[in-house]
Amino acid sequence: MDNNFTVKLISDRTGLSPQLIRTWEKRYKAVIPVRTATNRRMYSENDLEKLMLLKRATTMGLAISTIAHLSIKELYELVDKRNITEKVNYLPGRDDATDFHLNNCLTNIINFDYTGLESSLLNASSSLGQQTLLEKVIQPLMYRTGELWFNGEFQIAQEHMVSTIIRSLLGSMLISGKTDSKGPILLASTPNRQLHELGALAAAITAMNLGWRAIFLGPNLPIEEIANSIIKHQADAVALGLTYPTNDSALNLDLQRFRKIIDADFPIIIGGSGAVHYLDVIRSIQAIYIKDLNKLKNELVNLRSSTGTDGN
C-alpha cells in the first residue's frame with residue numbers, strides 16, 4: 001500500500017499530536033513508517049487506520065503499552081462495536097422515504113455488502129429520482145461515512161467501497177444523462193492535489209439536470225489545464241470540488257493564480273466538504289461558495305437567468 005501521509009497529515013486525520021505519534025512509534029513500535037531519500041517519515045493508510053484505532057482504544061482507558069503490538073484486526077475486535085448499528089443511523093426513528101434508503105445503504109456498508117449497497121442505491125434512484133438521490137441520500141451518505149471512518153468506526157475498506165460504488169453510479173448518470181444542446185456549459189473538476197472527485201461529479205450531474213451542458217474534466221488537475229479547458233470548450237462557468245487536504249497553502253496560491261488567468265468576472269463555483277477551510281481565498285477571488293447541492297442549484301439558476309446565457 002502506498003506510503004503517502006506525512007506526520008502532519010496523520011495528526012490532522014487522527015487528532016493525535018505529532019509528538020504523541022512519534023512517541024508511540026519509537027517507544028511502542030505502534031507503527032513503522034518508511035523514510036524517504038531525505039529521511040522524511042511517510043505513513044501508509046494501514047498506519048493511519050491503526051493509529052485511529054489506537055486512539056479510540058486509549059480513549060476507552062486501555063494503556064498504549066498493552067495494545068500497540070496488536071494488529072488492525074485485533075484492535076477492531078477489541079474496541080466496543082456492539083452499538084455500531086444504532087450509531088450509524090442517519091436520522092433514526094423518522095418515517096421518511098429518504099431516511100429509509102439512507103439507512104439501508106449504511107446497513108449494507110456495515111455488513112461489507114458490496115452488491116447490497118449497489119442495489120440500495122439503484123432502488124433509491126428509482127424511487128426518489130436522480131436529483132433527490134444526490135441531495136438526500138448520496139450527499140449525506142458520503143458525509144456520514146467519512147465521519148464514521150474519521151472516528152474509527154468504519155474501516156478504510158468500507159470508505160473505499162462506498163467511494164467506488166458511488167463513483168461508478170455517478171459516472172453512469174453523467175454518461176447517460178440528457179442535456180440541452182443549447183444550454184450553457186459548466187466544467188467540473190478538482191484542483192491539483194485534490195483527489196476526491198465525487199463532489200465535482202455530483203455538481204456536473206446537478207447542472208445537467210438543470211439544462212446545462214456539463215463536462216467533467218476529472219480530478220487533480222493543474223489550474224492551467226482547467227483554464228485552458230474553459231477556453232477550449234467556451235464554458236460559461238466552472239465548478240471546483242475541495243475535500244482533502246484542508247490545509248494546503250499551495251492551493252490558496254493556485255486559486256489566486258487561477259483568477260488571474262481567467263476573466264475577472266468569470267463564474268467560479270467552489271464547494272465540497274473541505275471548501276469551508278478555504279473561505280478567505282474563495283472570497284478574495286470573488287468565487288461563489290456553495291455548501292451543498294441545493295445551494296448549487298440556486299446559484300446555477302441565478303447564473304443562467306442573470307446572464308441570459310443559453311449556450312454558445
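The values are calculated or read from the model by the stated rules, or taken from the named source; none is laboratory data. The shown structure was predicted, so the numbers you read here are calculated from the model rather than taken from an experiment. Using ideal geometry, Cβ is built from the backbone for each residue, glycine included, and neighbour counts are taken over all protein chains shown. To get the accessible areas, we keep the full protein, side chains included, count just its heavy atoms, and leave off ligands, DNA and RNA. Shrake-Rupley method; radii C 1.70, N 1.55, O 1.52, S 1.80 Å.
Relative contact order (percent) for the chain, with alpha-carbon contacts under 8 angstrom and 6 or more residues of separation?
Over the chain, the number comes to 12 percent.
Ranked by accessible surface with a 1.4 Å probe, highest first, in what order do ARG144, ARG283, ARG257 come?
Greatest to least solvent exposure: ARG283, ARG257, ARG144.
For the chain, with all protein chains present and a 1.4 Å probe, just round the carbon and sulfur fraction of the accessible area to a whole percent.
Solvent-exposed carbon and sulfur of the chain make up 50 percent of the total.
Less than 20 Å from a label point 7 Å out along the Cα-to-Cβ axis of LEU122: which backbone N atoms in the stretch 150-182 qualify, by residue?
Correct set: 161-178.
Mean Kyte-Doolittle of at least 0.0 plus a Cα span of 18 Å or more along the axis: flag which DSSP H helices in the chain meet both, please.
97-110, 114-128, 156-176
When only DSSP loop residues count, what chymotrypsin sites (Phe, Trp or Tyr not before Pro) in the stretch 92-192 have their Cβ near at most 16 other Cβ atoms within 10 Å? Could the numbers behind the result be given before it?
Working: sites: PHE100, PHE112, TYR114, TYR143, TRP149, PHE150, PHE154; in loops: PHE112, PHE154.
Those satisfying the criteria are PHE112.
So how far apart, in nm, are the two label points at SER176 and GLU225 if each is 7 Å from Cα heading toward Cβ?
In this crude spin-label approximation the distance works out to 2.8 nm.
What share of all Cα pairs of the stretch 1-83, in percent, falls into each consecutive 10 Å distance bin?
Each 10 Å bin holds this share of Cα pairs: 18, 54, 24, 4, 0.
Enter the accessible area per residue of the stretch 105-154 (Å², integer; probe 1.4 Å; all protein chains in place).
With all protein chains present, the stretch 105-154 gives 43 Å² per residue.
Can you grab the distance from the C-alpha centre of the stretch 242-312 to the C-alpha centre of the stretch 7-28, Å, no decimals?
About 34 Å separates the Cα centre of the stretch 242-312 from the one of the stretch 7-28.
At a Förster distance of 35 Å, what's the computed FRET efficiency of GLN19 paired with ASN252, Cβ-Cβ distance as r, to 0.05?
In this case the efficiency is close to 0.80.
Students often forget the sequence filter, so: which lysines lie under 21 Å Cα-Cα from LYS55 once same-chain residues fewer than 8 apart are removed?
Straight-distance partners of LYS55: LYS8, LYS26, LYS29, LYS73, LYS81, LYS87.
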